[in-house]
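Asker: First the structure, which I've put down as structure tokens, then a few questions once you've had a look.
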2 protein chains.
Amino acid sequence: MSAVTFRFPFPVAGRPDVSPDLTPHHVDASLISVMDAAAERGDGAFEAFGVIAGALQATDDHLARLAESCALLELPEPDLDQLATICRRIAARATPGVESWLKLVVSRGGMDRSEPHAWAVLSETADFSDARSTGLAVIAGDRGFPASYVARERWMLFGAKTLSYAMNMASLREAKRRGADDMLWTTSDGFLMEAPQSTLVFRRGTTFCSPDPGIGILHGTTQRAVFRWAKQQGYTTEYGRYTRSDLLGADAAWFTSSVRLATPLISLDGDPLTIDHALTDSINAFLLARRD
Amino acid sequence: MSAVTFRFPFPVAGRPDVSPDLTPHHVDASLISVMDAAAERGDGAFEAFGVIAGALQATDDHLARLAESCALLELPEPDLDQLATICRRIAARATPGVESWLKLVVSRGGMDRSEPHAWAVLSETADFSDARSTGLAVIAGDRGFPASYVARERWMLFGAKTLSYAMNMASLREAKRRGADDMLWTTSDGFLMEAPQSTLVFRRGTTFCSPDPGIGILHGTTQRAVFRWAKQQGYTTEYGRYTRSDLLGADAAWFTSSVRLATPLISLDGDPLTIDHALTDSINAFLLARRD
């Protein structure tokens, strides 16, 4: 297995079950029209699940966030039980012993947009062991609006994980151009937000911290798992509004995501950050051991 | 003909000609992978050309803008001569006597992103005669950042016409939900920007005005054509930074775009705007008469 695609009708809450056949297609197979809402407008939502030992990770958190994305995008409410069953059936096909991930997508539909549809891609995970040990040099990127803005304009789709990621990809290219590995977005008034594909988590003494999702960012599924682990270990956890100086003074910091997991940050705009390799290894061991 | 798709290699400047066969496909045909950059990330650029009597309209303006989008997206520089030839060959297939439009798309490529590719969709234009005479009720939408922001952050992709249009589509739904037809984006400090799919033009006495593209918006191809027409008619034209009161005091105002053409605005957030039907008809007659 390298990567395979499964297409199926989008299961809508309150409608009959979709009974997908889940025939695998080669990932390069032509399966959608160029006027599909995903390809024409980046108009749809997605989630990326870790898959370990054939088990889908953080299923409930991902699916709850997909439901939020659908609500913000005014797509029909998904039937989460059916989606969980479908995604678990697909995940069970992953090669044993190989880290994998499953990308679940809902598109607003074909050219007539009459009915949303869905697909999932099951892939082997690239080797992130270097990133997880070496860490990431990060630059800050000002998104231009103050923290007070994001609560107001629903149509800006803050908090929805949409397919419109051209700017996310451009942010990563900008980081590379400036000799860094990733970007940390900030509000114009200096509050830390998120990365184009990850959530910021840092440790300050006995507390794990992450930016309040109300600041216009996604609520990270892996961040939530790290918070649960931290509580089990006796740490406290908090969401808040943090600035650059909070991060520079942290005892350890990570970008967390479902596929790359917890990756330590080594610098912000060239200013060094403290790395804690032992803590990073413990977090990633926990994340990789999850079976749901 | 309702709509047909043509796929072809993206012609890159300085490389051998691509010699596309331009076989038409049904618009609903499955032609791309779900992991195509367009479908996975909204990662690509597009232009929509009017097609009248088999002729592609505003060819040079559209293709120059596509080249700017490619530069901002760090896609290879397109061979504009080849693209013009390809698009003109496709436009020549339009049904005579029927308003049509051609959507040209460049995607960053398949799952491996090794090579960008392109497609074009030739469609009959929906009947916009009602909108062109009745006009549009518009609401303002604050994009959250000040006018001073947009010159700085290249990775925000201001000025690139990308496939990441989920927020554009959400803006239109928001307008409908609030009983309006379209949205006019503004900066947080109150300067008028553009609509999700159109450029603002208004007349103030003997001057046609449009927001300075440097405010982080697309430079409208149809707006430029309207400015050329206005000059021929003896009007002056200007780009500037305008506020709500400038628009409310205008003698006529339009959203301009390649397919819907010049559509008069009848209100902004419920405040009435002046309509000039005769001038609107003259502008649209000019726009429809263009053969290049």
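Asker: Of the numbered conditions (1) modelled with pLDDT of 95 or more; (2) over 22 Å from A:Leu163 (Cβ atoms), B:Trp185 satisfies every one except a single condition; which is it?
Answerer: Condition (2) is where B:Trp185 drops out.
Asker: To continue, here is another question. Can you find a residue that is in contact with a helix residue (DSSP H, G or I) (Cβ under 9 Å, 6 or more places away or on another chain), farther than 30 Å from A:Val4 by Cα and surrounded by 15 or more Cβ atoms within 10 Å (Cβ to Cβ) anywhere in the range B:29-48?
Answerer: Checking the range B:29-48: at least one residue is in contact with a helix residue (DSSP H, G or I) (Cβ under 9 Å, 6 or more places away or on another chain), farther than 30 Å from A:Val4 by Cα and surrounded by 15 or more Cβ atoms within 10 Å (Cβ to Cβ).
Asker: Among the listed residues A:Ser114, A:Ser100, A:Ser107, which satisfies the condition of being assigned by TED's automatic domain parsing to the domain that holds A:Ala45 and more than 30 Å from B:Arg143 (Cα to Cα)? Break it down into steps so the answer makes sense when it comes.
Answerer: Values: A:Ser114 fails: more than 30 Å from B:Arg143 (Cα to Cα); A:Ser107 fails: more than 30 Å from B:Arg143 (Cα to Cα).
Exactly one residue qualifies, and that residue is A:Ser100.
Asker: Can you report the number of residues in the range A:171-213 which are touching a residue at least 40 places away in the same chain (Cβ under 8 Å) and outside any strand (DSSP E or B)? I'd like the intermediate steps shown before the answer.
Answerer: Just the residues of the range A:171-213 that are touching a residue at least 40 places away in the same chain (Cβ under 8 Å), to begin with: A:179-193, A:195, A:197-205, A:209, A:213.
After this cut, where a residue has to be outside any strand (DSSP E or B) as well, the list is A:179-181, A:187-190, A:193, A:197, A:205, A:213.
Matching residues across the range A:171-213 total 11.
Asker: Spot the failing condition for A:Thr187; the list is (1) facing chain B (nearest Cβ under 8 Å); (2) crowded, with 22+ Cβ neighbours inside 10 Å; (3) among the β-branched types (Val, Ile, Thr), and only one is missed.
Answerer: With (1) facing chain B (nearest Cβ under 8 Å); (2) crowded, with 22+ Cβ neighbours inside 10 Å; (3) among the β-branched types (Val, Ile, Thr) applied to A:Thr187, the lone miss is (1).
Asker: Of the numbered conditions (1) in contact with a His (Cβ under 8 Å, 6 or more places away or on another chain); (2) more than 14 Å from every other protein chain (Cβ to nearest Cβ), A:Leu136 fails exactly one; give the number of that condition.
Answerer: (1)
Asker: From the list B:Arg89, B:Arg108, which one is buried (at least 23 other Cβ atoms within 10 Å of the Cβ) and either farther than 22 Å from B:Arg224 by Cα or within 13 Å of chain A (Cβ to nearest Cβ) (or both)? Lay out the reasoning, then the answer.
Answerer: Working: B:Arg89 fails: buried (at least 23 other Cβ atoms within 10 Å of the Cβ).
After applying the criteria, what remains is B:Arg108.
Asker: Out of the range B:140-170, which residues are farther than 12 Å from A:Asp43 by Cβ and either more than 8 Å from chain A (Cβ to nearest Cβ) or in a helix (DSSP H, G or I) (or both)?
Answerer: Filtering the range B:140-170 down to residues farther than 12 Å from A:Asp43 by Cβ leaves B:140-162.
Once the filter is applied, which keeps residues that are farther than 12 Å from A:Asp43 by Cβ and either more than 8 Å from chain A (Cβ to nearest Cβ) or in a helix (DSSP H, G or I) (or both), the range B:140-170 yields B:Ala140, B:Ala147, B:Ser148, B:Ala151, B:Arg154, B:Trp155, B:Met156, B:Phe158, B:Gly159, B:Lys161.
Asker: Taking the range A:243-285 as the region of interest, how many residues are in a helix (DSSP H, G or I) and either polar (S, T, N, Q) or outside the structural domain of A:Glu194 (by TED's automatic domain parsing) (or both)? Even if it seems obvious, please write down each step before you answer.
Answerer: Step one: filter the range A:243-285 for residues in a helix (DSSP H, G or I), giving A:244-248, A:277-285.
Now restrict to residues that are either polar (S, T, N, Q) or outside the structural domain of A:Glu194 (by TED's automatic domain parsing) (or both): A:245, A:280, A:282, A:284.
Summing the residues that are in a helix (DSSP H, G or I) and either polar (S, T, N, Q) or outside the structural domain of A:Glu194 (by TED's automatic domain parsing) (or both) in the range A:243-285 gives 4.
Asker: Which one is farthest from B:Val106 (Cα to Cα) among residues in the range B:72-81 that are surrounded by 22 or more Cβ atoms within 10 Å (Cβ to Cβ) and within 14 Å of chain A (Cβ to nearest Cβ)? Steps first, answer last, please.
Answerer: Residues of the range B:72-81 surrounded by 22 or more Cβ atoms within 10 Å (Cβ to Cβ): B:73, B:75, B:78.
Adding the requirement that they be within 14 Å of chain A (Cβ to nearest Cβ) leaves B:73, B:75.
Details: B:Leu73: 11, B:Leu75: 9 Å.
So the residue we want is B:Leu73.
Asker: What's the total number of residues in the range B:260-292 that are surrounded by 13 or more Cβ atoms within 10 Å (Cβ to Cβ), within 19 Å of the chain's Cα centre (by Cα) and among the small types (Gly, Ala, Ser)?
Answerer: The total comes to 1.
Asker: Right, here's the next one. Residue check: is A:Ala84 surrounded by fewer than 20 Cβ atoms within 10 Å (Cβ to Cβ) and touching an Asp or Glu at 6+ places or on another chain (Cβ under 7 Å)? Full working, then the answer.
Answerer: On the way: surrounded by fewer than 20 Cβ atoms within 10 Å (Cβ to Cβ): yes; touching an Asp or Glu at 6+ places or on another chain (Cβ under 7 Å): no.
Taking the combined requirement at face value, the residue does not satisfy it.
Asker: Take the residues in the range B:225-242 that are assigned to a strand (DSSP E or B) and within 22 Å of the chain's Cα centre (by Cα); name whichever of them is surrounded by the most Cβ atoms within 10 Å (Cβ to Cβ).
Answerer: From the range B:225-242, those assigned to a strand (DSSP E or B) are B:236-240; that's our starting set.
After this cut, where a residue has to be within 22 Å of the chain's Cα centre (by Cα) as well, the list is B:237-240.
Details: B:Thr237: 18, B:Glu238: 12, B:Tyr239: 15, B:Gly240: 13.
Checking each candidate, the answer is B:Thr237.
The values are calculated or read from the model by the stated rules, or taken from the named source; none is laboratory data. A quick note: this is a predicted structure, and the numbers were derived from the prediction, not measured. Here Cβ is always computed from backbone atoms with ideal geometry, including for glycine, and neighbour counts include all displayed protein chains.
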